[in-house]
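Peer 1: Pasting a structure below so you can have a look.
The values are calculated or read from the model by the stated rules, or taken from the named source; none is laboratory data. As the structure is a computational prediction, the values presented were derived from the model and not from experiment. Don't worry about glycine lacking a Cβ; one is built from the backbone with ideal geometry, like all the others, and counts go over all protein chains shown.
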Amino acid sequence: MTTLALTVAGAVLIGVSLGLLGGGGSILAVPLLVYVADLPAREAIATSLLVVGATSAVGVLPHARAHRVRWRTGLVFGLAGMAGAYAGGRLAAYVPPTVLLVAFALMMLGTAVAMLRGRHATSGESVRHRPSAPRIVLDGLVVGLVTGLVGAGGGFLVVPALALLGGLSMPVAVGTSLVVIALKSFAGLAGYLSGVSLDWGLAAAVTLAAVAGSLLGGRLAGRVPAELLRKAFGWFVVLMGVFVLAQQLPTELRANPLLWAAAVVAAAAPVVIVLRWRGRRTRVNRPAAPRG
């Protein structure tokens, strides 16, 4: 199978992830474009922002038809995120590619921990105390800055924020997040285009494949067991994050299998420790079953 065919096949999975989970697009897109399509780091991040932006814009349609989008909340959060994403895209021109990829890998591991721990979503469509507009704008700016800088952190930061700050149920938060991700991604892309040129043919092919995947993912939403999907994807992101970190090691270290393996273990260990500590706390805090 050719490099282009592998890249397009991976793009379909990116779209399915966005349609099903409301996130995960850039987490998959950047490694795909760097290690399969062989793009430089900045060009890969910029291309991923285009792919994820277009895919999210199309992927929101099935959620909108199912009334799983809150447009006002999404636009307020998204417009704030656009400002942060544009600033992040411009700032990335001054950051070394290795630093960008290390930051991206760390974001992947943080995302994986959040997924494997699970989200605490609200059960209804509203909460008793709505947050202030300045708080929503501030959160949008921060999430947008991260997205624009390293091309990641969109959906898996936006969905919990919409659930907790916006008081949205999880299915509605996922649908609304696609509006936010589209706005932030296009703004981040605009920031990158001031210093990066894209392979528009490759970008178009990957985008079309991802869009097709997002429509499939939107149809599958609610039919796939959410807990199983979340955990499987979370561990996959752990593996990808560790791989990206290991690839940033000096060449002489990567050539030594023992040192490479030690680096992989060192990168994965914090994730395992956090998850074990979280599991132990959950067992300790779980109320005892009533007797009798």
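Peer 1: Inside segment 148-252, counting only helices (runs of 4 or more DSSP H) that do not spill past its ends, which hold 2 or more residues that are buried (at least 24 other Cβ atoms within 10 Å of the Cβ) and modelled with pLDDT under 75?
Peer 2: Answer list for segment 148-252: 155-164.
Peer 1: Report every pair of residues separated by at least 6 positions or lying on different chains whose Cβ atoms are under 6 Å apart, first residue within segment 73-86 and within 9 Å of LEU141 (Cα to Cα), second of a type in the set (S, T, N, Q) and in a helix (DSSP H, G or I).
Peer 2: The qualifying pairs are ALA85/THR147.
Peer 1: While we're on this one: Could you grab me the full set of residues in segment 168-207 that are within 22 Å of GLY218 (Cα to Cα) and without any contact (Cβ under 8 Å) to a residue 60 or more places away in the chain?
Peer 2: Across segment 168-207, the qualifying residues are SER169, MET170, ALA204.
Peer 1: Separate question: Just to be sure before I move on: is THR73 surrounded by fewer than 23 Cβ atoms within 10 Å (Cβ to Cβ), polar (S, T, N, Q) and modelled with pLDDT under 85 in the structure I sent?
Peer 2: Taking the combined requirement at face value, the residue satisfies it.
Peer 1: Residues of segment 67-82 being of a type outside the set (S, T, N, Q) and in a helix (DSSP H, G or I), which ones?
Peer 2: TRP71, ARG72, GLY74, LEU75, VAL76, PHE77, GLY78, LEU79, ALA80, GLY81, MET82
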